[in-house]
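What follows is a short report on a single structure.
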Amino acid sequence: MMQIWCTAMGILTLLMVAIVDTKIYGRCNLAMKLEKAGLNGFQGYSIGDWLCVAHYESGFDTSFVDHNPDGSSEYGLFQLNSAWWCDNGVTPTQNLCHMECRDLLNRHILDDIMCVKQVVSSRNGMNAWNSWARHCRDHDLSEWLKGCNMHAKPDIESMTS
């Protein structure tokens, strides 16, 4: 009986740690983190582009996981796919970011950012995210930074060219 109780408490503790380590970011808080990590202007995309993608992909929720009909899953703020970008231990993967998918599900987003830099540096750029093509491309993204006290501004030149 004691062994069952200890096992149950161990599992509960692990679940609580996993839950506590996740975060749903506020828009401006996330914008500042993305800017600090060097995403503003990276490959020609603004913080507005990144916020728009994160909003439509995960609602700024680091713990969000979506399962696809092909058996792959998408993880974290930017919904990085297990067939291409990370290893979930289940799906055959290219693992182009050399990381475990579960590492995309916590509040520590520097590894997410390093991976999305690889994604956007690929030939598809931001078109790798269908949500960007549908909701963000060719839209005024300045709204994503309204009310945020930061230096990042939308890249007007890329919006008008």
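The values are calculated or read from the model by the stated rules, or taken from the named source; none is laboratory data. Everything numeric in this text was worked out from a predicted model, so none of it was measured. Methodologically, a virtual Cβ is constructed for each residue, glycine included, from the backbone with ideal geometry; neighbour enumeration extends over all protein chains shown. Keep in mind that these areas ignore ligands, DNA and RNA; they rest on the heavy atoms of the full protein, side chains included. Shrake-Rupley method; radii C 1.70, N 1.55, O 1.52, S 1.80 Å.
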If I filter the range 99-124 down to residues being assigned to a loop (DSSP other than H, G, I, E, B) and among the hydrophobic types (A, V, I, L, M, F, W, C), which single residue comes out as surrounded by the most Cβ atoms within 10 Å (Cβ to Cβ)? Ile109
What do you reckon, is Thr91 β-branched (Val, Ile, Thr) and more than 30 Å from Ser142 (Cα to Cα)? yes
Return the pairs, sorted by first residue and then second, in which the second residue is open to solvent by 60 Å² or more (accessible area, probe 1.4 Å) and part of a helix (DSSP H, G or I), the first residue lies in the range 112-124 and is within 15 Å of Asp87 (Cβ to Cβ), the beta carbons are less than 8 Å apart, and the residues are 6+ apart or on different chains. none
So which residues in the range 125-146 are open to solvent by 90 Å² or more (accessible area, probe 1.4 Å), within 18 Å of Asn81 (Cα to Cα) and in contact (Cβ under 8 Å) with a residue 12 or more places away in the chain, if there are any at all? none
Count, please, the residues in the range 61-98 that happen to be open to solvent by less than 20 Å² (accessible area, probe 1.4 Å) and touching a helix residue (DSSP H, G or I) at 6+ places or on another chain (Cβ under 8 Å). 10
Whichever residue in the range 31-54 is in a loop (DSSP other than H, G, I, E, B) and either modelled with pLDDT under 95 or out of contact with any Asp or Glu (no Cβ under 7 Å at 6 or more places or on another chain) (or both) and, among such residues, is surrounded by the fewest Cβ atoms within 10 Å (Cβ to Cβ): Gly38
